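I have placed the structure first, in the form of structure tokens, so that the comments after it can refer back to it.
The values are calculated or read from the model by the stated rules, or taken from the named source; none is laboratory data. Nothing here was measured: the structure is a model prediction, and the numbers come from that model. Glycine gets a Cβ as well: all are built from the backbone with ideal geometry, and neighbour counts include every protein chain shown.
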């Protein structure tokens, strides 16, 4: 299975052709012959094009030109550094020596300073062995000391972990989000990847940690040039939404999540989480039933940041909807967005473009000429195809915005269900490709626009927090690593997460879930 997944595009294409000609043999199928259906024994030849990468902007007016979907953070500072870290802590849950932990803390402070985040020395603690209760006690003591030392609420807890400690990781996240007086962002660090105790701390790993920390405490790492976003004025709100489901038959609710930008800077996203009941009989509800209330909150956040003004348009990237649900999406979600606008400001007119993006398909592309590939044999980042394998009467395209790393890269399929903004094909393809370079956690383009990507991550993180003791991997496969049965959640308990976030207003605008 692993060898098949690692196949390069040309090898994969040859395997598919061989399977079709030597095993499947469609021409010998009586039913296909009776209906006059013919299946070619060669791959379909298509025309595609490569979109140019956008300019990536950092602090001090520095820009970076990506190459094959990637660029370097070296010598750059964040375009919007977070507020100085004056109340924070580093907790060592490993056997690393104190002097090595402090050396890491010093290196992290230096790196954050180079990236634009000023910091005071953190509080250092170690321990936490003995299960969830011990972890909770240690985090409470640590945050209390950080508060006393700085006279300010704790801003961040950095936790040093050994590799592969999922239960400890989950305990840390649950305590920080649900069991303290108010939620505190956490950043877990793998001591082996950081090379703590090996003499020299990994600069690249620490820089990557710095990127995560900045967005978790309210900063923005990098931005893309507005010149590379045609027909997308700063008054356009970017929005994303997704739903994550429990395994069938457990009686658990699904979790819907959405994110939305709060201003024209397009770096800071507000977020909302809702719990929704499924119809039963093993079915999951993919359509977001609470879309209206989430959009109302997003619009009010925009108003607060923009002197009472609403956005002029909304560009929604909706992940996870299948073709059979398109009609329901238009009838429920698109209608809910419009109703939300009228709740916030009766009579307001906000243009809406609603784009479904998905990767649950079997379409793969490969280049005829090696000159059109990158070092992995995949098509170059920015390849778009909108003819031949798309619906001729629909607004649809395939975009591979990212560079493949191993195996054959999978393009993302985009289908526009509503377009009041009147995007041309070229404009929406360019906007989508450009946004894929604005993902805050990496110095490379990604396969989905950040609004869709962030909502997916948020939904998964909320699921892990709300479903407590159960391992996310087990949930995904429908099995449990615990002998305890699943218990349906009460709505009030599930919505406690958003209530906790509201206790700290700035938390609603920070990407704590990253």
Notebook entry, point to check: Has segment 100-122 got any residue that is without any contact (Cβ under 8 Å) to a residue 12 or more places away in the chain and more than 30 Å from residue 436 (Cα to Cα)?
Noted result: yes
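Going through 244, 261 one at a time, which residue ends up being in the same structural domain as residue 442 (by TED's automatic domain parsing), within 18 Å of residue 514 (Cα to Cα), at pLDDT below 95 and in contact with a strand residue (DSSP E or B) (Cβ under 8 Å, 6 or more places away or on another chain)?
On inspection, the qualifying residue turns out to be 244.
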Notebook entry, point to check: Taking interchain pairs and intrachain pairs at least six residues apart, which have beta carbon atoms under 7 angstrom, with the first residue in segment 186-205 and without any contact (Cβ under 8 Å) to a residue 60 or more places away in the chain and the second surrounded by fewer than 13 Cβ atoms within 10 Å (Cβ to Cβ) and in a loop (DSSP other than H, G, I, E, B)?
Noted result: 190/163; 192/163
Next item on the list: Out of 307, 292, report the one residue that is without any contact (Cβ under 8 Å) to a residue 40 or more places away in the chain and outside any strand (DSSP E or B).
Entry: 307
Check: Here are some residues: 158, 141. Which one is in contact with a helix residue (DSSP H, G or I) (Cβ under 8 Å, 6 or more places away or on another chain) and either outside any loop (DSSP other than H, G, I, E, B) or not assigned by TED's automatic domain parsing to the domain that holds residue 100 (or both)?
Finding: 158
Notebook entry, point to check: In segment 115-138, what residues are surrounded by fewer than 16 Cβ atoms within 10 Å (Cβ to Cβ) and in a helix (DSSP H, G or I)?
Noted result: 133, 134, 137
Next item on the list: Give the number of residues within segment 48-85 that are at positive phi and touching a strand residue (DSSP E or B) at 6+ places or on another chain (Cβ under 6 Å).
Entry: 1
Notebook entry, point to check: Within segment 50-83, which residues are out of contact with any helix residue (DSSP H, G or I) (no Cβ under 9 Å at 6 or more places or on another chain) and either closer than 30 Å to residue 16 by Cβ or in the same structural domain as residue 17 (by TED's automatic domain parsing) (or both)?
Noted result: 68, 69, 70
Next item on the list: Out of 102, 45, report the one residue that is in a loop (DSSP other than H, G, I, E, B) and out of contact with any helix residue (DSSP H, G or I) (no Cβ under 7 Å at 6 or more places or on another chain).
Entry: 45
Next item on the list: Could you figure out which of (1) on the phi > 0 side of the Ramachandran plot; (2) under 23 Å from the mean Cα position of the chain (by Cα) isn't true of residue 388?
Entry: (2)
Margin query: Given the criterion within 18 Å of residue 271 (Cβ to Cβ) and at pLDDT below 75, identify the matching residue among 498, 514.
Written below: 498
Notebook entry, point to check: If you go through segment 48-63, how many residues are surrounded by 13 or more Cβ atoms within 10 Å (Cβ to Cβ) and part of a loop (DSSP other than H, G, I, E, B)?
Noted result: 7
Notebook entry, point to check: Does segment 312-334 contain any residue that is in contact with a helix residue (DSSP H, G or I) (Cβ under 9 Å, 6 or more places away or on another chain), surrounded by fewer than 20 Cβ atoms within 10 Å (Cβ to Cβ), touching a residue at least 12 places away in the same chain (Cβ under 8 Å) and assigned to a loop (DSSP other than H, G, I, E, B)?
Noted result: no
Note to self: For residue 475, only one of the following conditions fails: (1) at pLDDT below 95; (2) surrounded by 21 or more Cβ atoms within 10 Å (Cβ to Cβ); (3) more than 14 Å from residue 166 (Cβ to Cβ). What is its number?
What the structure shows: (3)
Next item on the list: Return yes or no: is residue 350 in contact with a helix residue (DSSP H, G or I) (Cβ under 7 Å, 6 or more places away or on another chain), at pLDDT 95 or above and either surrounded by 18 or more Cβ atoms within 10 Å (Cβ to Cβ) or more than 20 Å from residue 271 (Cα to Cα) (or both)?
Entry: yes
Next item on the list: Within segment 122-137, track down each residue that is out of contact with any helix residue (DSSP H, G or I) (no Cβ under 6 Å at 6 or more places or on another chain) and more than 10 Å from residue 89 (Cβ to Cβ).
Entry: 126, 129, 130, 131, 133, 134, 137
